[in-house]
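Below is one structure, written out as structure tokens; the observations come after it.
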Amino acid sequence: MRHVLTRISKHSRILLAAVCMTLILTGLGAAIEIEDHAGRSISVEKPFVRIISLYGAHTENLVMLGHANAIIGISSSDRRLAAVKSRPVYSYHDDPEKFIAAQPDLVLIRPMIDRAYPALIEKLEKNRITVLSLQPGTVTEMFAYWEVLGALTGRNREALQMVTDFSRAVDRFDAVTQQVHPRKKVYFEAIHTRMKTFTPDSMAAYVLQTAGGINIAADAQQVRATNIAYYGKERLIGKAAEIDVYLAQVGAMNQTTVAAIKAEPGYRVIKAVKNDEVYLIDEQIVSRPTLRLLCGIAETGRILYPRLFRDQILDILSAVDRVQCQSGRGSH
């Protein structure tokens, strides 16, 4: 019997408890117990080799870990990944029998699916298919999550290398932004129609801070147990004269445009709007727990301080194996 892990970093052991993804070493060379967001507990004695992933971040991270060959099913949004684009597509809307027929040994989901489709999960588990619900909320939790995926796949060394590569790149970005004085103040929009931004400890806020920006909405109030925070137009307008840059994530969660932002009633008084400093950035590189958060840092830095970042980005990112970022400035 193969055992997937003999050590987990001290840093991650502490963090796993916070995100309900606990790895408990039951002895040297023993199986590993993993507890997910829903409180499920499984004992991992050997790597999972027939995995259906219903969340793009899981799929992307498995590919980064070098475990693409074990992925037998993906979500529709994962077809952009060359390594798995030919795999069958699955959805939480599908009949459970479709999953059962594929004979997966692991189905990876996220909490939203757990909450919204309990009948699917119950049917899979009744057929002895392991289901795990994972989704970190902060960058430090992301490191622990990568180690969990490493434990599930027997790729613990690769997971630890991802943490190391990410941390080294962040250190280099920090060295670049040390030269910035004064730093630009930014409002980072999460959902335009609801006047929502990000929580101060979210991945998006981390991206902004690492790129040298100051989060003008650091006092935003968290919405439930999410990385989204309510701010409101009145509070935003109250800081209109301080906002150097207005940055908005764009994607499935926030389908807005620069024109829509500029046309929002009351926004004319915002400094960034008056100075044409309104930008869009792909939500996948600022909100998903993957190595491509480094792309988000690079893109945000290029938006805020184009001259400073222009000559540094390629060198920093080229040192991180397998990370590919689209070049070009954020939509303006």
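Bear in mind that the values in this text are calculations on the coordinates, not laboratory data. The shown structure was predicted, so the numbers you read here are calculated from the model rather than taken from an experiment. FYI the Cβ positions are ideal-geometry reconstructions off the backbone, even for glycines, and counts take in every protein chain you see.
Work out the length of the dipole vector of the chain about its Cα centre, built from +1 on the beta-carbon of each Lys and Arg and -1 on the beta-carbon of each Asp and Glu, and round it to the nearest 20 debye.
340
Run the reach check for K271 against aspartates and glutamates, Cα to Cα strictly under 19 Å, same-chain hits fewer than 8 apart removed. What comes back?
E189, E234, E242, D244
Can you say what percent of the DSSP beta bridges in the chain, counting only those with both residues inside, are antiparallel? Round to 5.
About 40 percent, rounded to the nearest 5.
Below 8 Å, C-alpha to C-alpha, sequence gap of six or more: please give me the relative contact order for region 164-241 in percent.
29
Exposure proxy check: L120, L81 ranked by fewest other beta carbons within 10 Å?
With the sparsest Cβ surroundings first, the list reads L81, L120.
What number of lysine-lysine pairs in region 10-154 show an alpha-carbon separation below 26 angstrom, given a sequence spacing of 8 or more or placement on distinct chains?
7
Hey, can you grab everything whose amide H is under 5 Å from the amide H of I71? Only 5+ residues off in sequence or another chain; H modelled, so Pro and N-termini drop out.
I51
Enter the Cα centre distance for the pair region 82-104 and region 57-75, rounded to the nearest angstrom.
Region 82-104 and region 57-75 have Cα centres separated by 13 Å.
Collect residues whose amide H, placed 1.01 Å from N in the peptide plane, falls under 5 Å from the amide H of V44; neighbours closer than 5 in sequence don't count.
Here I32, E33, I34 satisfy the definition.
Looking at region 48-152, which trypsin sites (Lys or Arg not before Pro) are in a loop (DSSP not H, G, I, E or B) and have at most 14 other Cβ atoms within 10 Å?
K85, R128
Applying the Karplus parametrisation 6.51 cos²θ - 1.76 cosθ + 1.60 with θ = phi - 60° to the phi angles of region 83-97, what ³J(HN,Hα) value in whole Hz is obtained for each residue in order, glycine and proline being reported as x?
Per-residue couplings from phi come out as 5, 10, 4, 8, 6, x, 9, 10, 9, 5, 7, 5, 5, x, 4 Hz.
Could you go through region 252-258 in sequence order and give the Karplus-derived ³J(HN,Hα) for each residue, using 6.51 cos²θ - 1.76 cosθ + 1.60 with θ = phi - 60°, rounded to whole Hz, and x for Gly and Pro?
4, 7, 9, 9, 10, 9, 4
If you take Cα extents along the principal axes in Å from the coordinates, which of (1) 75, 55, 54; (2) 53, 47, 39; (3) 63, 40, 35 do you get?
(3)
Around E60, with a cut-off of 11 angstrom between Cβ atoms, what is the net charge of the other residues, counting Lys and Arg +1 and Asp and Glu -1?
+3
Would you calculate a helix-derived [θ] at 222 nm for the chain, using -39,500 (n - 2.57) for each DSSP H run of n ≥ 4 and dividing by the full residue count, to the nearest 500?
The per-residue figure over the chain is -10500 deg cm²/dmol.
Using the Karplus equation 6.51 cos²θ - 1.76 cosθ + 1.60 (θ = phi - 60°), what ³J(HN,Hα) coupling, rounded to whole Hz, does each residue of region 280-291 give in order, writing x for Gly and Pro?
Those phi angles translate into 10, 9, 4, 4, 5, 9, 10, 10, 8, x, 10, 4 Hz.
What helices in the chain pass both tests, a Cα length along the helix axis of 20 Å or more and a mean Kyte hydropathy of 0.5 or higher, using whole DSSP H runs?
139-153
Taking a cut-off of 12 Å between Cα atoms, list the aspartates and glutamates near K262, but don't count ones fewer than 8 places away on the same chain.
Of all the aspartates and glutamates, those that pass the test against K262 - Cα under 12 Å, at least 8 places apart if same chain - are D276, E277.
How would H37, H181, H67, H332 line up from fewest to most surrounding beta-carbon atoms within 10 angstrom?
The fewest-first ordering by Cβ neighbours comes to H181, H332, H37, H67.
Would you list F198, F48 from fewest to most Cβ contacts within 10 Å?
Starting with the residue having the fewest Cβ neighbours, the order is F48, F198.
Run the quick spin-label model on R268 and Q326: label points 7 Å from Cα toward the beta carbon, then report their separation in nm to one decimal.
3.3
Please list, in chain and number order, the residues 5+ apart from A248 or on another chain whose amide H is under 5 Å from its amide H, with Hs placed from the backbone.
Those lying under 5 Å, H to H, from A248 are E189, Y279, L280, I281.
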